[in-house]
């Protein structure tokens, strides 16, 4: 049930975020400094996991806290998790922590306390996310999150044709115009049964044979996860990370020079068994 211990954990997360922000600012005084210290990045990742695994995913929290509040915080924690995976300028840490802490008490802590007072839920020992096993009979529509470069456009067209063969409706987003998942895109994700994240190469990491991917698609994935959508994650070979914390979900890796192999992997995922 929502008890004092659980609420203290939620409050402690807020205090830990404030302490992290101060420590980051102390070590990196300029907003353009890159946060590279392993200890700070590890703390950031742990705090993101506390929210996404221990708090936001708990049964009953969604009944207590406004859905948009939960999804918006989940996007920001997903961003922090992504920042922690490699050196990232301090300004990005500042922005995400500021957005998380804004109205934290009235929007999160007080609703949880009210839920506790009204008689609450019994949370599971560990939040679990069901994998997308044999989804064909369950999925009638998908949202494809993707970049808007020319090469991605070709892949998105192939995916649309693939899903059309199974009579699965396809929704896509729009070119991002602000530092958030737009309301229009959120509503499109919400009305679909599953989220297809197409993670293609963007910028090459200095001194490494790895690439970044679209931050927008990672944000959209975080929103879909917060809305408990089924996930189909497709990652181009060479990408360093797609945001972590996929739970039990696996990803399909593809080579841009061999798109037919990706279609075969999708066919295997969507095929109907004889039994």
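Here are the numbers for the structure shown:
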| item | result |
| --- | --- |
| The chain - share of DSSP beta bridges that are antiparallel (%, nearest 5) | 15 |
| Debye-sum result for the chain in log10 I(q)/I(0), which assumes one identical scatterer on each alpha carbon, at q = 0.10, 0.12, 0.15 Å⁻¹ | -0.56, -0.79, -1.17 |
| Fewest-first ranking of 146, 86, using other Cβ atoms within 10 Å as the exposure measure | 86, 146 |
| Extension reserve of the residue 209-residue 53 stretch, reckoned as 0.36 nm per residue once the Cα distance is removed | 53.1 nm |
| Percent RCO, i.e. relative contact order, over the chain, from Cα pairs under 8 Å lying at least 6 residues apart | 19 |
| For segment 141-270, fraction of C-alpha pairs farther apart than 19 Å, in % | 47 |
| Mean separation of Cα contacts under 8 Å, 6 or more apart, over the residue count of segment 174-259: relative contact order % | 28 |
| Stretchable slack from residue 4 to residue 113, in nm (0.36 nm times residue separation minus alpha-carbon distance) | 38.4 nm |
| Chain lengthening between residue 264 and residue 69 when straightened (0.36 nm per residue, less Cα-Cα) | 66.3 nm |
| Residue exposure sequence - 251, 28 - by fewest surrounding Cβ within 10 Å | 251, 28 |
| Two-site label geometry, residue 102 and residue 187: point separation in nm, points 7 Å out along Cα→Cβ | 2.2 |
| Fewest-first sequence of 199, 254, 270 by Cβ atoms within 10 Å of each Cβ | 270, 254, 199 |
| Inter-probe distance in nm under a simple model that places probes 7 Å from Cα toward Cβ, at residue 16 and residue 32 | 3.3 |
| Residue-averaged [θ]222 nm for the chain, counting only DSSP H segments that reach four residues, each worth -39500 (n - 2.57) | -14500 deg cm²/dmol |
| Separation of the residue 202 and residue 158 label points, Cα + 7 Å toward Cβ, nm | 2.2 |
| Highest average packing first - 60-69, 161-170, Cβ atoms within 10 Å | 60-69, 161-170 |
| Mean separation of Cα contacts under 8 Å (6+ apart) over length of segment 4-118, as relative contact order % | 37 |
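Every read-out reported here was derived from the displayed coordinates using simple, explicitly stated rules and does not represent laboratory data. Since the structure is predicted, the reported quantities are computational estimates derived from the model, not experimental observations. Positions of Cβ are generated from backbone atoms using ideal geometry, with glycine treated the same way; all protein chains shown enter the neighbour counts.
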